[in-house]
Amino acid sequence: MEAMKESSKIVLNISGTKYEVTRNSLLTQASSRLGKLASSLESTKLEEIYFNRPSVPFEAILMFYQTGKLHLPPNICPNVFKEELEYWEIDHEVMEQCCFLNYIQFLDSYKTKSDFKSSIKQGQDYTASPLSRKDRVWRIIDYQERSWLSKMFLFVGVSFVLLSVSTLALSTLPQYKRTLTTCEWYEYVVADDAIDPEVRNYFIKYDCHMLKLTTTGNEFQFELDPKEPPDQPPKQHVGKRSIPNKGNPQITTSSTNVTQTGSIAEHDSQTDTLKTTFPTLTLKNDIFYQIDYLATAFFTVELLLRLLVCPSLKVYFMNFLNVIEFVVLIGTYVDIVIFNMKSGYKFSPTFTSLIDFIKFLRVIRLLRYCQHLAAVKVLKFSLRQNSKDLLVLLFHIVIILLLFANIIYLAEERDNIDSIPQGWWLGLITLTTVGYGDLSPKTFVGKMACSVCALCGIIMMSLIIPIFVETFVQLYGIAHIGNRPSEKSVVRPMQLNKVCEIDVKQYTASAEIKEKY
């Protein structure tokens, strides 16, 4: 009786397709849904059980009960097959290795795509109601819609960034710089404590507008401008004020002094002429400052507008690009204030270089302007998604670098490679196949080590980089599909309207017929 029970047959009706199986074949997988069902049936007669499930993927599942081997159907989506395995309570890890790798790769790719879509939606969740005017302005200036106003604002913003960065770059060329005026030399002399007191007293004695400057190389000659009225007494600077000099302007002695910086100052007191040597100081042309002020005004108005219509200030300042923009704007205003003050900071090459570096960070604004473009979104998500792979790449670079750099250091002579850090530098430019040529191995062992190091760099790049590129290509296609307007969404309302009109006409005609007959 027990043998008859185990050998009895069961008919499985899968959405109209019938499969006749034995009870023994289902009991081979007792933990699955069909295995539990077969063990619960007590009757020995032919049973027929109906399941409202797709029949095509069930054929692979039925083969698993019959042969004990689970394969992925070639014409079935792995995600659909995953749902079927979950329904029939079959573990996907029992799948054969020939299909299991493709199955896992598909699930990982599907999860990556789902996370990418979720990240795009989360970036738009903090926006306000679509009908509000505040949200409308925010979408325009943040380029979250493709209207002509948004495109125009994007064009203007990118143009100001490129104009600002271009003028900053051109202002560093020597031909676009000018020498200091007499009043600017006065500011420099007053602000620098290392200037010779004789030179300082000369500039304090007269108003800078009364002096005439003549330069010959690094030699500067200051004298009273003959165009000034003779009855106008000399003036003395006190801060920003000018007061008459009460001292005797006619001094009959002349002296030659050596300044603390090594420059020679000759002061002819009888003719009120000063000859001295100053360091080479230059400033940008005034047109560059005017363009910078114009760009700063636009960036300020834009920032205030963003803060006014931003849906969430907390989310806004959590963005690294927005923080950089705020710091750059503050640095720009610091430069404007210092330049217009009577101080010597604007003559400091270190300080001006630091301010120019901060201003050059404006180029990062291009990323913020384009952060809602498909390519930028895909790039950010790909870097975040493949961060582990990039860390593995960096880890291998460090190991290979340390190994080959030490070999090169031991193999080379000290007049060629004098330290291990220098060997690191040679190993790095060899591993990345850059090869500046400033260092090169001379011994046979060093050349062999650098050759193997270059080959390792090529192999390592060819293995790691395609992983990142593959993710980028897949997500780039998804981003474009998501941004493309759907044709069905446009056609359906028209079709429904036509259907409604036809239905109304038919209903009217049938009503007329009934009334007529």
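The values are calculated or read from the model by the stated rules, or taken from the named source; none is laboratory data. In this text the structure is predicted, and so the values were computed from the model without any measurement. Every residue, glycine as well, gets a Cβ built from its backbone with ideal geometry; the counts of neighbours run over all protein chains shown. Heads up: the accessible areas ignore ligands, DNA and RNA and are worked out on the full protein's heavy atoms, side chains in. Shrake-Rupley method; radii C 1.70, N 1.55, O 1.52, S 1.80 Å.
What FRET efficiency comes out for the pair His209/Leu354, r = Cβ-Cβ distance, R0 = 30 Å, nearest 0.05? Walk me through the numbers on the way to the answer.
Numbers: r = 32 Å, r/R0 = 1.06.
Approximately 0.40, to the nearest 0.05.
Label-to-label distance for Thr443 and Leu41 is 8.1 nm, based on points extended 7 Å past Cα in the beta-carbon direction.
Counting only Cβ charges, +1 for Lys and Arg and -1 for Asp and Glu, the dipole size of the stretch 129-193 around its Cα centre is about 700 debye.
Only one residue of Ile408, Ile397, Ser353 has its Cα farthest out toward the positive end of the dipole of the stretch 290-424, where Lys and Arg carry +1 and Asp and Glu -1 on Cβ, and that residue is Ser353. Sorting Tyr110, Tyr293, Tyr409 by solvent-accessible area of protein heavy atoms yields Tyr110, Tyr293, Tyr409, largest first, with a 1.4 Å probe.
Using 14 Å as the cut-off for backbone N distance, which residues of the stretch 289-323 belong to the label zone defined by a point 7 Å from the Cα of Gln144 along Cα→Cβ? Only 306-317 pass the distance filter. Each of Trp185, Ser164, Leu101 was scored by the projection of its Cα onto the charge dipole of the stretch 65-211, and the greatest displacement toward the positive side belongs to Ser164; charges sit on the C-beta of Lys, Arg, Asp and Glu. In this structure, the amide hydrogen of Leu211, modeled 1.01 Å from its nitrogen in the peptide plane, lies closer than 5 angstrom to those of Asp225, counting only residues at least 5 positions away or on a different chain. The trypsin sites (Lys or Arg not before Pro) of the stretch 376-435 meeting both criteria, a DSSP state outside H, G, I, E and B (loop) and at most 11 other C-beta atoms within 10 angstrom of the site's C-beta, are Arg414.
Taken along the Cα-to-beta-carbon direction at a fixed 7 Å, the label points for Thr277 and Glu83 span 8.7 nm. Average 1/r across all pairs of distinct alpha carbons in the stretch 13-84, invert it, and you get the Kirkwood radius: 13.0 Å. Note on Ala191/Phe326: beta-carbon distance plugged into 1/(1 + (r/R0)^6) with R0 of 30 Å gives a FRET efficiency of 0.50.
Around the amide H of Glu89, modelled in the peptide plane, lie the amide H atoms of Arg33, all under 5 Å away and 5 or more residues distant in sequence or on another chain. Accessible surface calculations at 1.4 Å, restricted to protein heavy atoms, place the stretch 397-447 at 59 Å² per residue. Length available on full extension from Ser31 to Lys134: 0.36 nm per residue minus the Cα-Cα distance, which gives 31.3 nm. Placing pseudo-labels 7 Å out from each Cα toward the beta carbon at Asn416 and Lys177 gives an inter-label distance of 4.1 nm. Taking only protein heavy atoms and a 1.4 Å probe, the accessible area of the stretch 310-368 is 78% carbon and sulfur.
Shown in residue order for the stretch 64-73 are the 3J(HN,Hα) couplings computed by the Karplus curve 6.51 cos²θ - 1.76 cosθ + 1.60 at θ = phi - 60°: 5, 5, 7, 10, x, 10, 9, 10, 7, x Hz (x for Gly and Pro). In this structure, the amide hydrogen of Leu70, modeled 1.01 Å from its nitrogen in the peptide plane, lies closer than 5 angstrom to those of Glu96, counting only residues at least 5 positions away or on a different chain.
Evaluate E = 1/(1 + (r/R0)^6) for Leu170 and Met341, where r is the Cβ-Cβ distance and R0 equals 22 Å; express this FRET efficiency to the nearest 0.05. Working from the Cβ atoms, E equals 0.30.
Couplings 3J(HN,Hα) of the stretch 135-152, computed from phi: 5, 4, 5, 5, 5, 6, 6, 9, 6, 9, 9, 9, 7, 5, 5, 5, 5, 5 Hz, in residue order, whole Hz [Karplus 6.51 cos²θ - 1.76 cosθ + 1.60, θ = phi - 60°; x for Gly and Pro].
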